[in-house]
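The values are calculated or read from the model by the stated rules, or taken from the named source; none is laboratory data. Here the structure is a predicted model, which means the values were calculated and not measured. For neighbour counting, all protein chains shown are included, and Cβ atoms are generated from backbone atoms with ideal geometry for every residue, glycine included.
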Amino acid sequence: MGETYVNFLGGAPLNRLSWLRSSATFLNSIIASPDTRWLVVQAGQPLLSTRPNADGQPRSLARLSTVDVRPFLGTEPFFGQGQKDGESAPEGVHVLEAARLRHAPIVFLGLHEPDGNTAGALPSSDFSTKGETPETVVSRIKGTAYFTVDVTDIEEETVTSVLENTQAAKAGEILEFSEPRSAMGSFDGFQAAIFAETRSMVDWNARNKFCPACGSPVYSLWAGWKLTCSSLLPWADNSGRKPCPTAKGLHNFSHPRTDPVVIMIAIDQSGDKILLGRNKKFPGGFYSALAGFIEPGESFEDAVKREMWEEAGVTVWNVKYHSTQPWPYPANLMVGFYATADSSQPIRTDLDNELEDAQWYTRSEVLTILGRPGGTSFTRRDHRQMAAAQEERINNESAPQQGAAVLAHSDPNIQQSKGKEDEIKQKDQAPNGLPPIKVPPLTAIAGVLISEWAHGRITNITTSPMKGNL
């Protein structure tokens, strides 16, 4: 099950060619290819293209050519930059491999190969021999190379002017930056997956500006995939300074981070009930799976047990993996699990006080929720409330884990409501006595876990009594 289920934002359709990230020769050559495409990001917002008269999906990620974005890229070389603008780095210097020291941040995302064909994935030696030119080698690669450029620090007038002169704009397409969570609602699986990579990498590069060991500015290596301390540059003036601790061993690089989060559904011993919780920051009537960050020295299974106990006072066992979902806000990996619990035991939300409520729901009740119009959708007000909760989490060090529980369930398929948006009140009752709650959609892993159980598609969970110690 976990090997075959691909969640929205997952799938990783690009061959990331990680062994070529250090090759400035490869990167500079493939940038020049007419097939190369660029995703543009500004302040965390992706650039979207709207085709007014298009059939199907008129709104999608804008995928511009190198010619289109050339004014954003600065002076060549784009990678392997030396001490002065326009100067190439000397060969064989480890701390200058595909270095980008100036101009807008760029990340090489990977190569989209037709029909999964990997014949074009060339070894790094092809770009270091004295035989064929790099341009000749690149011309044999079958597929589309993808890069992203962050234009946040470029003047708005320049950005507007460049976009107005792209081929897409000249063809009548509308190019505009969009709030990312609502933008996801128009993405197909391919776009969602490359957006997840793009959003996380751009955010990581934007947030990390200084060396954590000595406080010096950092710079980009390996096509945006590594950061290193500027005190290590061959021309750095380190007079009167102790060597940066990152200069030794393998610690001279800062690697992109991914923060794992467990997200889980407890199933009672009868197999007919699941536990859903309501975070204090959730919009009205919204219940979901429980979630929390992995802590140091902890396995995924241990984290599931700890989080279920801390948030709901529920002891679980028989923890089983389902699937994962990349969640690029900013760089989480949601790891989905099921576990068994005793629904006759009391629920407690007074331990870490993160949940406002938690309840057991039967399969019949959950199926009713899933089948009800609006049962898995948000209004724009709901979406704003969820986004605000994440911002509060980022700025509130006393509650570092709340954001995972809140944002892991966000619905990209935001509905545009008309007039006043009515919030569902928990005290209101549906005709069958079921509180008119909402649950996440299938574009969020929490919605997948709930739906898979409700429709009887979970086969690896047993409901045997707890044995032994936790």
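When each of 247, 289 is tested for being aliphatic (A, V, I, L, M) and surrounded by fewer than 21 Cβ atoms within 10 Å (Cβ to Cβ), the lone residue that passes is 247.
Please determine whether any residue of region 89-99 is farther than 18 Å from residue 21 by Cα and not aliphatic (A, V, I, L, M).
No, every residue in region 89-99 fails to be farther than 18 Å from residue 21 by Cα and not aliphatic (A, V, I, L, M).
As a summary of the residue check, residue 199 satisfies the conditions (1) assigned to a helix (DSSP H, G or I); (2) out of contact with any Gly (no Cβ under 9 Å at 6 or more places or on another chain); (3) of a type in the set (D, E, K, R) except for the one numbered (2).
Restricting to region 341-399, what's the tally of residues that are at pLDDT 75 or above, assigned to a loop (DSSP other than H, G, I, E, B) and either closer than 15 Å to residue 286 by Cα or of a type in the set (Gly, Ala, Ser) (or both)?
8
Per the listing 149, 137, 107, the residue uniquely modelled with pLDDT under 95 and farther than 30 Å from residue 376 by Cβ is 137. Scanning region 171-193 for residues that are of a type in the set (D, E, K, R) and not in a loop (DSSP other than H, G, I, E, B) yields 176, 181.
Residues considered: 189, 172. Of these, the only one that is surrounded by fewer than 17 Cβ atoms within 10 Å (Cβ to Cβ), out of contact with any Leu (no Cβ under 6 Å at 6 or more places or on another chain) and either within 30 Å of residue 257 (Cβ to Cβ) or outside the structural domain of residue 66 (by TED's automatic domain parsing) (or both) is 189.
For the residues 311, 307, 301, 295, the requirement of being in contact with a Ser or Thr (Cβ under 9 Å, 6 or more places away or on another chain), of a type in the set (D, E, K, R) and in the same structural domain as residue 336 (by TED's automatic domain parsing) singles out 311.
Within region 253-308, the set of residues being of a type in the set (D, E, K, R) and over 15 Å from residue 347 (Cα atoms) comprises 257, 259, 272, 280, 281, 295, 298, 301, 302. Out of everything in region 72-104 that is on the phi > 0 side of the Ramachandran plot and at pLDDT 95 or above, what residue ends up being farthest from the chain's Cα centre (by Cα)? Only one residue fits best here, namely 86. Residues in region 88-107 that are touching a Lys or Arg at 6+ places or on another chain (Cβ under 7 Å) and assigned to a loop (DSSP other than H, G, I, E, B): 98 alone.
If you filter region 216-238 down to residues that are in a loop (DSSP other than H, G, I, E, B) and without any contact (Cβ under 8 Å) to a residue 60 or more places away in the chain, you find that the one that is nearest to the chain's Cα centre (by Cα) is 216.
When 199, 241 are checked against the criterion of being of a type in the set (D, E, K, R) and in contact (Cβ under 8 Å) with a residue 60 or more places away in the chain, 199 stands alone in meeting it.
Can you report the number of residues in region 246-281 which are under 12 Å from residue 355 (Cβ atoms), touching a helix residue (DSSP H, G or I) at 6+ places or on another chain (Cβ under 7 Å) and outside any strand (DSSP E or B)? Result for region 246-281: 1. When the residues of region 1-44 are filtered to those that are under 25 Å from residue 181 (Cα atoms) and aromatic (Phe, Trp, Tyr), the one that is surrounded by the fewest Cβ atoms within 10 Å (Cβ to Cβ) is 5. Only a single item in (1) under 28 Å from the mean Cα position of the chain (by Cα); (2) modelled with pLDDT under 80 is not met by residue 154, and it is number (2). Any idea which residue in region 303-336 is surrounded by the fewest Cβ atoms within 10 Å (Cβ to Cβ), counting only those that are assigned to a loop (DSSP other than H, G, I, E, B) and among the β-branched types (Val, Ile, Thr)? The extreme case among them is 315.
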